[in-house]
Amino acid sequence: MEVNKDQGSQELVCIEYPGIVNNVDKMLDTLGGLHEVSMVYSERNRRLELRFRPDDIYCKPACGDRSKTNGILLKAKVLRKKNRMNSEEEETIVKSIEIIGRATTTFKFKSSCDFQFLPMEIGENGKMESLRHTLIPSRVDGDHILKWLEEPCKYFLPPAAFSRIDSMSNNTYSYRREAKSEHDTSGALIGRTRKRRSGHAIFVSFNVPNVPVKPREKALKFLELKMLSGHQLETVQKCFKERPIWSKLALMCTTGFQQDHLKYLLPAVAYYFVTGPFRIMWVRFGYDPRKDPNSRIYQTLDYRIRAPGGLLNLVKAKRSYANCLLPSKSSHSTAKSVVIGSDVPPDEVSDTTGPIAPDAFKFLTTKIPAARQMFYQYCDVKAPEIETMLARLPKVRPGKQCDPRLGWLPPNFDNQCREIINGHVIKLLKKEVKFSVHGEMYKDEEEIDDSSDDARWEEEFDDEDVDNESETGG
């Protein structure tokens, strides 16, 4: 037997196809083609989709997960000789074996396929009829697409995925009810599977009677575990001595620390406002901005770019839903499987987070905002008109209370600031593209319908319970 080892250096990708392949082209069509397979292989944690009806857009795919393997593809030549005395018996002789390559990655289809819901209904004759011709145009050239749009259409809006998970799990259902008393019916019986991890930060609402004066002990222990109790903590403490209220973005730009560090440093230095004129801001422990009129320059200014046509494309959004993937299309990171062989290359993890500009938290009249929605502090808005307006504000009369919505600022002050910022933004955008403005760029919040910008600034501790009394001081 001859063994050829010269061609064994080629790296291959193995796909364990859940079926008998008689036609390779049709098999590739169910996987989306070679281009789709190559794109899935190039993306980390992406699952390979297999559609048994590739021409049907309503076909729910079966997903294959990638796994590290150390397989070898062999090409063997076998001679078969039939026995003249007994035609049913065959003698096989392996003539040669050739090593084609090695498969370091394998896609395996072990998950269950989602529920299939066909676009059909019961017709007048009692038989099932297809709705495909009313949902998908057969031709898009000429007047065919217009005629198709004018025709009545059946209501067929299936969800993107019927099942939340596609793997089997053992669930033990039990009726639990944690109540203070037998007659207490408050609280939902069906809640979260686990409590969200808040990093032991203290969240307060605007109507809290007293603000926290010290951090939680667990927050300080986290700093020691993460080895951040040294110069990192001193740097953040120095920032809060110079300025009692900060946003997370401003601290990231000023200190240069990443979010992974600040989510442990901030709970040890400041508390977090979730409502009111200082919402989404971190305030130094013991400092109550509701009792200090000078804190009005640190209030939150919610600014959103409103522009006609494709003008918003010039300013990036904080999050994009255009390339959103369903949970079933990406696999969660799991423990790496052990592969025998030291020459198997490990996964290269690339940092997709780009650098943040040092002045990203400020509004400058010479620079377009970093995102379509920004939460500025008035002291960080470097517009001459707004700086003059802040300097000319009258002193707060004794006995005046901080307003839950306006804070220490007069009515309509925030709207005037937004109009001024919009004027500068229009001038900057006109320099990059020629466009005609139709209508006002900024509208009232009741007229706004932009799902990409309605969400608040992403914080690490969203949807947490608000501390109103615990660990607060007078």
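Restricting to the stretch 381-432, count the residues that are in contact with a helix residue (DSSP H, G or I) (Cβ under 7 Å, 6 or more places away or on another chain) and among the hydroxyl-bearing types (Ser, Thr, Tyr).
0
With Thr69, Thr105, Thr92 as the choices, which residue is loosely packed, with under 15 Cβ neighbours inside 10 Å, β-branched (Val, Ile, Thr) and in a strand (DSSP E or B)? Before you say what the answer is, go through the steps one by one.
Values: Thr69 fails: loosely packed, with under 15 Cβ neighbours inside 10 Å; Thr105 fails: loosely packed, with under 15 Cβ neighbours inside 10 Å.
After applying the criteria, what remains is Thr92.
Determine, yes or no, whether Glu129 is under 17 Å from Gly32 (Cβ atoms) and part of a strand (DSSP E or B).
The answer is no for Glu129.
Out of all the residues in the stretch 227-235, is one or more buried (at least 20 other Cβ atoms within 10 Å of the Cβ), in contact (Cβ under 8 Å) with a residue 12 or more places away in the chain and aliphatic (A, V, I, L, M)?
The answer is no; no qualifying residue exists.
So which residues in the stretch 352-377 are farther than 17 Å from Val425 by Cβ and not in a strand (DSSP E or B)? Walk me through it before giving the result.
First, the residues of the stretch 352-377 that are farther than 17 Å from Val425 by Cβ: 352-356, 358, 377.
Correct list: Thr352, Thr353, Gly354, Pro355, Ile356, Pro358.
Can you tell me which condition Ile122 does not meet? The list is (1) in contact (Cβ under 8 Å) with a residue 24 or more places away in the chain; (2) more than 30 Å from Leu31 (Cβ to Cβ); (3) within 48 Å of the chain's Cα centre (by Cα), and all the others hold.
Going through (1) in contact (Cβ under 8 Å) with a residue 24 or more places away in the chain; (2) more than 30 Å from Leu31 (Cβ to Cβ); (3) within 48 Å of the chain's Cα centre (by Cα) one by one, Ile122 breaks only (1).
Which count do you get for residues in the stretch 380-405 that are out of contact with any strand residue (DSSP E or B) (no Cβ under 9 Å at 6 or more places or on another chain) and not in a strand (DSSP E or B)? Quick ask: steps written out before the conclusion?
Going through the stretch 380-405, the residues out of contact with any strand residue (DSSP E or B) (no Cβ under 9 Å at 6 or more places or on another chain) turn out to be 384-385, 388-389, 391-405.
If we keep only those that are not in a strand (DSSP E or B) too, we end up with 384-385, 388-389, 391-402, 404-405.
The number of residues fulfilling the criteria is 18.
Could you look through the stretch 151-170, keep only residues that are without any contact (Cβ under 8 Å) to a residue 40 or more places away in the chain and among the charged types (D, E, K, R), and pick out the one that is surrounded by the most Cβ atoms within 10 Å (Cβ to Cβ)?
Among those residues, the one meeting the criterion is Lys154.
Residue check: is Thr254 among the polar types (S, T, N, Q) and either over 28 Å from the mean Cα position of the chain (by Cα) or assigned to a helix (DSSP H, G or I) (or both)?
In short, yes.
FYI, it's all coordinate maths here, none of it is from the lab. Computed from a predicted model, the values in this text were never measured in an experiment. No Cβ is skipped: glycine too gets one built from the backbone with ideal geometry, and neighbour counts run over all protein chains shown.
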